1. Quickly run through the range 348-365 and pick out the residues that are farther than 17 Å from Ala244 by Cβ and of a type outside the set (Lys, Arg).
2. With respect to Glu106, is the statement that it is among the acidic types (Asp, Glu) and outside any helix (DSSP H, G or I) true?
3. Pull out all pairs, ordered by first then second residue, where Cβ-Cβ is under 8 Å, the residues are six or more apart or on different chains, the first lies in the range 260-271 and is under 20 Å from Pro405 (Cα atoms), and the second is among the basic types (Lys, Arg) and open to solvent by less than 60 Å² (accessible area, probe 1.4 Å).
4. Just give me the residues in the range 561-584 being aliphatic (A, V, I, L, M) and surrounded by 21 or more Cβ atoms within 10 Å (Cβ to Cβ), in sequence order.
5. Within the range 413-433, does at least one residue satisfy the condition of being outside any helix (DSSP H, G or I), surrounded by fewer than 13 Cβ atoms within 10 Å (Cβ to Cβ) and over 39 Å from the mean Cα position of the chain (by Cα)?
6. Going by the conditions given, is Thr663 part of a loop (DSSP other than H, G, I, E, B) and modelled with pLDDT of 95 or more?
7. State yes or no: is Ile170 more than 20 Å from Lys134 (Cβ to Cβ) and open to solvent by less than 30 Å² (accessible area, probe 1.4 Å)?
Amino acid sequence: MSSYASSVGSNSDDNSSPTSSSEEERTVAAKKAASASKRNNERRPGGGTPLRPAGKAQDWYSGGRISSNGRWFRDSLNRTLLLRGVNLCGSSKLPTTPNGSSHLNEGFFDHRNVCFLGRPFPRDQADEHFSRLKRWGLTFVRLLVPWEALEHSGPGIYDDKFIDSLVELIELMPKYGIKCFIDPHQDCWSRFSGGSGAPGWTFEAAGLDMTKFKATGAAYVHNTNQYPGDSPPMVWPTNYTKLAASTMFTLFWAGDTFAPNKTYQGEPIQQFLQNRYLECYNYLARRLCHLDAVIGFEIMNEPHPGYIGLENLKQYDFNSNLIFGDSPSALEGFALGDGMTVPIEVWVKSWPLPTKKHRTRLINTEKESAWLEGECLWKQHGVWSVNPKTGQPQVDKPDYFTKDPITNRIIDFSRFYLDFIGKYSKAIQSAIPSAFVFVEPVPNEPPPVWGPGDHEENIVYAPHWYDLHSVFNKAFDGRITHDVQGLSKGKNVFAATYFGLKGARKNYRGQLSNLLNQGLQNVGNKPCLIGECGIPMDINRRRAFLNGDFGHHSKFLDAVLSAMEANLLSFTLWNYNATNDNTYGDHWNGEDFSIFSLDSPQEDVVPIDSPFDRSYFRFEDEESDDGRYHESHVGGRALDAVVRPYAAKVAGEPISTEFNLATLQFTFRFCNYIQTPVPVVHGSAMAFETEVFVPSYHYDETGLEILVSDGDWRYVKERQTLYYRHHDTKPGAVHSIQIKPLNGAMPLVSMGNNNSSDTSLSKPTTPEPYSRSHMSKVQEPSKLKSEAVYGRERVKPESETGCVCTIM
């Protein structure tokens, strides 16, 4: 038994000089030698074939088109894909002209004359950023394209210059192995209601005056709320329960039901809004349909039902809504928007409940109206009125949003949402028939239940997950975490409290398991990808920005990603932001989640050759032999946790994966399919191989020990890829791969100061027994000479010496 890890450049006697003296015999011998060399190269792991050259683990093109089978993504060789990457990017929510950063307000209300050119970054910076993502192994991209970016000038007027720039960027993605799906991103409906997404003219269509949202409390908008006494910008999620966003979502999903009298340009308001949205993204899909990099479209980021299903118009449920800052009830929001002065509650942070009532204050003392036509739409439909005796607002139809006004049947938001999913899927797949449609539920709610007749083709369940307690408080020290998911469903506070890093991983693992199982139960046996996960980088009072110690960040993010891996989830991190800085973060509502930043820590703390020193470099197609100090790591944050090994393409079904950040030991187990699938691509002689991303960031300085349960493997450092071909082909047979630093090598991971009593992160895991295992001490990389970008052109091996394989 042998491993191709020990292969050398020579091909034995087949490559020796021919002894025949005749020119014809020499020609025949040369052809035989070339043929033998070619066969030998094709047989070994990572050798590829003439039809399909071997690619990098993090290159999503080398395996052909991405499809799905049950809960897994698959490539054309029927390998299971564990996709991971980033959201590009937080700043894409904002126009470049005028500068849309939410701490600025110049030209804010001139909503038709904006431009998003240069999002997510200009073309002349694309090679730098794409190179960085490739080196980090984060090559699956959720590409943010808000509705406003496409159709800001008016209904049906599309910004083709911006779309041209997107096409140019996406055309570059294959060079770096990157694939993407389009995210029609929104938060709280629109920038003008405190979030992002929809164009400003949608408010005009609904009859709302966005310039009066601040005075009437209809929305908290960071651009206009920058005065003493105003709440902090991270109060933005509370906009979901305020008048502007709640009204727009209600009209968008169910205007025909709840506002039948409202029309715009001759169309019922629901039909007008939905048709513009569907036509807009159908237009974008037609513009992008020729691009191999685009594999699908998302329905909508973090959809919200608005008032649909709201049982109590006088009080919001704090178990399912964030009650913080100015907190009017739905009825109070109606009255404020109608020009009344109303006392409302102000809530502040607390414990053990996240917030508590602190005081009341009067809103809209100016008696402004949020309605262009002067009267509240919901008053027109008889939902509420002003009591003629008391002069106070009163609810006239308390169950208006919970029952159909005509049939009196109980309203279920899922029905409206599923109907729209069907319409949207058809609009996208009419332009790109193979497109995936990524669907996420209302945040912190289970997904809708798919039934007969609901759209099934190429659906992907794509929820989001964050440690909401740590995100809300912008704090993490590894001592205590809380199961906010459980608390919102009535879980006992003590049972929902976890101690230490080990407890954090258990907490997060359980929450993500619940999320996955809800999808499998309600949506069906379909792929699951966590569309957003990540951590705030400005935790712990931003101390890391001053002292350069991102140790707590690494521990926090490692706990999150370990939980993702424990559940075998694909994911896209929130976010990679090319314009992030330490002052304004992601430049949107006080958020700072980016794993990349233009700013670096203080020079007196960080060595001059640190990857955090920001300067300008030239980025080439092929990586050099450098590890954690390679120039592409410049600007990275918490890279110890961000950059990690993972099995990207698996010749079977994954069972478990684990990466120990303290010891850098990676362990992966998978099994053969019970029923061997038939490849979609025919005519290829290449055996199925598992490809593991092995980042030089961690292992360049340490060397590697690689153990496998059976079969052959080949590690190519320049590709950051381990190719593994198992031998046991029995259905259900289990295979194991373990990667760790050479014995005695010290990992270069910086975990920062750890004051927690939990030391589990520093304990090496005990490897499981390996049968017929092969161990290799990889001392030097295989040498490759590239003619062009690898994966697009042929790569010629020069030599592969320096790899010593021992059969155990």
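The values are calculated or read from the model by the stated rules, or taken from the named source; none is laboratory data. Remember, it's a predicted structure, so these values are computed and weren't measured experimentally. Cβ coordinates were reconstructed from backbone atoms using ideal geometry, including for glycine residues, and neighbour counts include every protein chain displayed. The protein model used for the area step is the full one, side chains on, heavy atoms only, and it has no ligands, DNA or RNA in it. Shrake-Rupley method; radii C 1.70, N 1.55, O 1.52, S 1.80 Å.
1. If the condition is that a residue be farther than 17 Å from Ala244 by Cβ and of a type outside the set (Lys, Arg), then Val348, Ser350, Trp351, Pro352, Leu353, Pro354, Thr355, His358, Thr360, Leu362, Thr365 are the ones that fit.
2. yes
3. Note: pairs meeting the criteria are Pro268/Lys262; Ile269/Lys262.
4. Looking only at the range 561-584, we keep the residues that are aliphatic (A, V, I, L, M), and these are 561, 563-564, 566, 568-569, 573, 578.
Matches in the range 561-584: Leu561, Ala563, Met564, Leu569, Leu573, Ala578.
5. No, there is no match, as no residue in the range 413-433 is outside any helix (DSSP H, G or I), surrounded by fewer than 13 Cβ atoms within 10 Å (Cβ to Cβ) and over 39 Å from the mean Cα position of the chain (by Cα).
6. Numbers: part of a loop (DSSP other than H, G, I, E, B): yes; modelled with pLDDT of 95 or more: yes.
Considered against the rule, which asks whether it is part of a loop (DSSP other than H, G, I, E, B) and modelled with pLDDT of 95 or more, Thr663 comes out as yes.
7. no
Results for (1) modelled with pLDDT under 95; (2) of a type in the set (Gly, Ala, Ser), shown as yes or no for each residue.
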| position | (1), (2) |
| --- | --- |
| Pro53 | yes, no |
| Ala57 | yes, yes |
| Gly63 | yes, yes |
| Ile66 | no, no |
| Leu81 | no, no |
| Leu94 | no, no |
| Asp110 | no, no |
| Asn113 | no, no |
